[in-house]
Amino acid sequence: MGDRAPVHITIGGALPREHLAAFAAHAANYDLRTEWDGEPFDPAVLPLGEPLQLYGTELNGGQIPEIDAFCAEHGLPFRRWSGGCLGAYLPEIILFDGQGPMRDYTASEDEYVLFPRRGSTASRGCAISSARWPAQSWRSRPS
């Protein structure tokens, strides 16, 4: 069954309506909700003028690889936090800006990026800046 952990993903960008059903199916596979322990994601009720936020609990490894891959394939920027499991893996934050590689950071259980003590203040500041994700609104658009 594997170690289980929570996940919180914030997604921005524009998704063609023709792909919304496929996205909703992936979200349903992970039982993603619109709030912690809230209602399941419903593609008929999308946020207006803000990013889409989805939450999951008890996910294998705190991972949602089909959602990550879907967002990357469709150029949807996202920030995903996955909780850790004591003795198995640490919490992480994954950032994707809509193109290029996904960036991963060690995180705390309350969704903050963590950095080791070594290294200069300037290098940590640079890393913190690159770990910020400007929230974009989520919208579906005509094909």
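The values are calculated or read from the model by the stated rules, or taken from the named source; none is laboratory data. Model, not experiment: these values are computed from the prediction. FYI the Cβ positions are ideal-geometry reconstructions off the backbone, even for glycines, and counts take in every protein chain you see. SASA here: full protein model, heavy atoms, side chains in, ligands and nucleic acids out. Shrake-Rupley method; radii C 1.70, N 1.55, O 1.52, S 1.80 Å.
Filtering the stretch 11-46 down to residues that are open to solvent by 60 Å² or more (accessible area, probe 1.4 Å) and part of a helix (DSSP H, G or I), which residue is nearest to residue 62 (Cα to Cα)?
Applying the first criterion (open to solvent by 60 Å² or more (accessible area, probe 1.4 Å)) to the stretch 11-46 yields 17-18, 21, 28-29, 31, 33, 35-37, 39-40, 42, 44-45.
Now narrow it down to the ones that are part of a helix (DSSP H, G or I): 17-18, 21, 28-29.
On the way: 17: 28, 18: 28, 21: 23, 28: 15, 29: 14 Å.
Ranking the qualifying residues of the stretch 11-46, first place goes to 29.
Taking the stated definitions as given, is residue 82 touching a Gly at 6+ places or on another chain (Cβ under 7 Å) and farther than 21 Å from residue 137 by Cα?
On the way: touching a Gly at 6+ places or on another chain (Cβ under 7 Å): yes; farther than 21 Å from residue 137 by Cα: yes.
In short, yes.
Within the stretch 77-93, count every residue that is more than 19 Å from residue 33 (Cβ to Cβ) and under 11 Å from the mean Cα position of the chain (by Cα). Final tally of qualifying residues: 3.
For residue 54, are the conditions met, namely being under 12 Å from the mean Cα position of the chain (by Cα) and free of Cβ contacts under 8 Å to residues at least 40 places away in the same chain? Spelling it out, it is not the case that residue 54 is under 12 Å from the mean Cα position of the chain (by Cα) and free of Cβ contacts under 8 Å to residues at least 40 places away in the same chain.
Being open to solvent by less than 50 Å² (accessible area, probe 1.4 Å), out of contact with any Asp or Glu (no Cβ under 9 Å at 6 or more places or on another chain) and farther than 20 Å from residue 83 by Cβ is the requirement here; does residue 54 meet it?
Values: open to solvent by less than 50 Å² (accessible area, probe 1.4 Å): yes; out of contact with any Asp or Glu (no Cβ under 9 Å at 6 or more places or on another chain): yes; farther than 20 Å from residue 83 by Cβ: no.
No: the conditions fail for residue 54.
Can you go through 68, 37 and tell me which one is more than 11 Å from the chain's Cα centre (by Cα) and of a type outside the set (A, V, I, L, M, F, W, C)?
Numbers: 68 fails: more than 11 Å from the chain's Cα centre (by Cα).
Testing whether each residue is more than 11 Å from the chain's Cα centre (by Cα) and of a type outside the set (A, V, I, L, M, F, W, C) leaves just 37.
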